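Enquirer: Pasting in a structure now, in structure tokens, and then I'll have a few things to ask.
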Amino acid sequence: MKQKNPKIKSSKCEKHMEQFLMLDKRQFLHFSLCVHLLCCKKCRTQVRLMGLAEKKIAEPLFIPMPFSDENLIHIMKRIYPDFDPQGVCPVSFSKWIIAGICLISGFVIFALLDTAVHVSTGMAVAVYTVFGISITMYCVLFIISNLDFFVKKVESIKPLAEHLG
Ligand SMILES: [Zn+2]
């Protein structure tokens with residue numbers, strides 16, 4: 001199997017994070033940026049850490065470019081000494097993925113059962129309605145609890161050198 005070159009990946013990440021920092025607060029993220037954040041644990045963790053850091057100091061965040069997780073953790077620890085990076089890093093979606101797979105498997109199993117034994121129409125409608133509501137709730141909860149990967153929630157100050165250069 002062909003392994004992705006980590007250098008190509010990290011330059012891609014840098015480009016995406018630069019794009020993220022260029023956005024204004026409360027601006028919607030570009031689709032490609034959303035997709036990248038949803039797929040890249042490293043960038044996701046950085047965005048979450050920036051959000052936490054800004055919340056703690058409640059003022060625009062000065063973020064030197066290029067930055068790293070260590071940098072962001074250091075900033076967090078400086079403004080909030082009790083900060084435990086273990087609780088945040090990396091921002092994993094494994095619980096969401098497991099819950100999603102369970103939900104879809106339940107749906108598929110019921111659909112197979114329905115075609116095999118023909119469950120009564122009333123029962124089928126009730127079960128499909130519950131599945132529909134559950135899947136909608138799942139999507140809504142996912143977006144609400146990960147809003148920082150869809151809308152920029154931090155106000156960042158670009159480094160002075162960048163303004164001058
Ligand atoms: Zn990335």
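Enquirer: How many residues does the stretch 11-39 contain that are polar (S, T, N, Q) and in contact (Cβ under 8 Å) with a residue 40 or more places away in the chain?
Expert: 1
Enquirer: Another question, then. Only residues that are closer than 14 Å to residue 154 by Cβ, within 16 Å of the ligand (Cβ to nearest atom) and touching a Lys or Arg at 6+ places or on another chain (Cβ under 8 Å): list them for the stretch 24-50, please.
Expert: Correct list: 29, 37.
Enquirer: May I ask you to list the residues in the stretch 139-156 that are surrounded by 15 or more Cβ atoms within 10 Å (Cβ to Cβ) and part of a helix (DSSP H, G or I)?
Expert: Residues satisfying the conditions are 142, 148, 149.
Enquirer: If you don't mind, there's one more thing I want to ask. Find the helices (runs of 4 or more DSSP H) located wholly in the stretch 11-81 whose residues include 1 or more that are within 12 Å of the chain's Cα centre (by Cα), and list them.
Expert: Counting at least 1 such residues, we get 31-39, 41-57.
For every residue, the table says whether it meets (1) assigned to a helix (DSSP H, G or I); (2) touching a His at 6+ places or on another chain (Cβ under 7 Å); (3) within 30 Å of residue 38 (Cα to Cα).
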{"position": "104", "(1), (2), (3)": "yes, no, yes"}
{"position": "108", "(1), (2), (3)": "yes, no, yes"}
{"position": "119", "(1), (2), (3)": "no, no, no"}
{"position": "126", "(1), (2), (3)": "yes, no, no"}
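Coordinate-derived values only; no laboratory data. No experiment lies behind these values; they were computed from the predicted model shown. Glycine gets a Cβ as well: all are built from the backbone with ideal geometry, and neighbour counts include every protein chain shown.
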